[in-house]
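The values are calculated or read from the model by the stated rules, or taken from the named source; none is laboratory data. These numbers were taken from a predicted model, which means no experiment stands behind them. Cβ placement follows ideal geometry from the backbone for every residue including glycine, while neighbour counts extend to all protein chains displayed.
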Amino acid sequence: MKKRLLVFLLLFFGYLEGSSIQNERLRPLGRVFNSLKYNFHKVSGGALYRSMQLSYRRESEFNFRNNIKISLNLRGEHFEERWWRGQKSAADDLGVVFVNIPVSKRSYPSLYSLSVMLAVIHNPRGILEDPEGFKKDPLKYVFDPNGSTVDEFGKEIPIKVNCQFGADRTGMFCALFIIERELRRGVKPTAILFRKAKRQMSLLYRSPQISNLVMNKFIGDWWRIRRQCSLEEAIRFWCLKMGDKY
């Protein structure tokens, strides 16, 4: 009986996965299935989505369905790996800007990695206009006075972020995204905002506290600086703290 039930569930979810896009009635179940299997979630309206590492087919499907414009990979460039080539091909096929930065969950992000993440958060439009130039000097795009988070039609530019499992590093970026976007809108840096950001680093996204200590500490340190300083002052202070050059 148990084996039959297991077979039925496997067949049902296989059907659900293949049919959820075409069948309107199954779309809500399909979204639940994608959340469970691929750790795929909408973070902030139409502005940010998160997932684990996906195959070429799934990456293409999610990018197309959600009109993704920037795909941020926190695992860095790995030309020799099939998963990296698949993700790059999925982005190239749909004209998605593919951004790679190496972030380890065992250490704080470097100044360059932090600058790239902040550029993606604060000025995705600038990145879309010059995807190669921004890699050379991401801080220039962070502080671009004409920087924007919306396209020419006033709509939020959709971004997708992933690491290997879509948990620790991805959760860190999502928390950083919420903090920075809300402060950018003029929201006061209250404990409510910090708790909202920290929810992105929870068991709901397969990110238990015990396996995510460094990323949690990074977000806590960044929050303590940002609640008192402007973004430029925060980056200067961070350079002093980490021993990086500004």
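Tell me which of these S104 doesn't satisfy, since it passes every other one: (1) surrounded by fewer than 20 Cβ atoms within 10 Å (Cβ to Cβ); (2) assigned to a helix (DSSP H, G or I).
Exception for S104: condition (2).
Quick check on this structure: which one of V97, V116 is surrounded by 24 or more Cβ atoms within 10 Å (Cβ to Cβ) and at pLDDT 95 or above?
V116
Please work out if R181 is assigned to a helix (DSSP H, G or I), modelled with pLDDT of 95 or more, within 29 Å of A91 (Cα to Cα) and not hydrophobic (A, V, I, L, M, F, W, C).
On the way: assigned to a helix (DSSP H, G or I): yes; modelled with pLDDT of 95 or more: yes; within 29 Å of A91 (Cα to Cα): yes; not hydrophobic (A, V, I, L, M, F, W, C): yes.
So R181 fits the description; yes.
Taking the range 170-188 as the search range and keeping residues that are under 10 Å from the mean Cα position of the chain (by Cα) and of a type in the set (G, A, S), which one is farthest from K105 (Cα to Cα)?
Taking the candidates together, the pick is A175.
Mind checking which pairs have a first residue in the range 165-177 that is within 18 Å of E59 (Cα to Cα) and a second that is modelled with pLDDT of 95 or more and among the charged types (D, E, K, R), Cβ under 9 Å, 6 or more apart or different chains?
Qualifying pairs under 9 Å: G166/R50; T170/R50.
Kindly list, by first and then second residue, each pair from a residue in the range 189-200 that is assigned by TED's automatic domain parsing to the domain that holds R169 and in a helix (DSSP H, G or I) to a residue that is surrounded by 15 or more Cβ atoms within 10 Å (Cβ to Cβ) and of a type in the set (S, T, N, Q), limited to pairs with Cβ atoms under 9 Å and residues at least 6 apart or on different chains.
K198/N216; Q200/T170; Q200/S207
Testing S207 on (1) outside any helix (DSSP H, G or I); (2) modelled with pLDDT of 95 or more, one condition comes back false. Which one is that?
Exception for S207: condition (2).
Check R65 against each of (1) at pLDDT below 95; (2) in contact with an Asp or Glu (Cβ under 9 Å, 6 or more places away or on another chain) and name the one condition it does not meet.
R65 satisfies every listed condition except (2).
Under the condition of being crowded, with 21+ Cβ neighbours inside 10 Å and among the aliphatic types (A, V, I, L, M), which residue from the range 44-67 is nearest to the chain's Cα centre (by Cα)?
Checking each candidate, the answer is L48.
Any chance the range 187-197 includes a residue that's surrounded by 13 or more Cβ atoms within 10 Å (Cβ to Cβ), closer than 30 Å to L94 by Cβ and in contact with a Ser or Thr (Cβ under 8 Å, 6 or more places away or on another chain)?
Checked against the condition, which is being surrounded by 13 or more Cβ atoms within 10 Å (Cβ to Cβ), closer than 30 Å to L94 by Cβ and in contact with a Ser or Thr (Cβ under 8 Å, 6 or more places away or on another chain), the range 187-197 yields no hits at all.
Could you please let me know if V97 is of a type outside the set (D, E) and in contact with a Ser or Thr (Cβ under 8 Å, 6 or more places away or on another chain)?
yes
Can you tell me which residues in the range 210-244 are within 25 Å of D144 (Cβ to Cβ), assigned to a loop (DSSP other than H, G, I, E, B) and not small (G, A, S)?
Those that are within 25 Å of D144 (Cβ to Cβ), assigned to a loop (DSSP other than H, G, I, E, B) and not small (G, A, S): R227, Q228, C229, D244.
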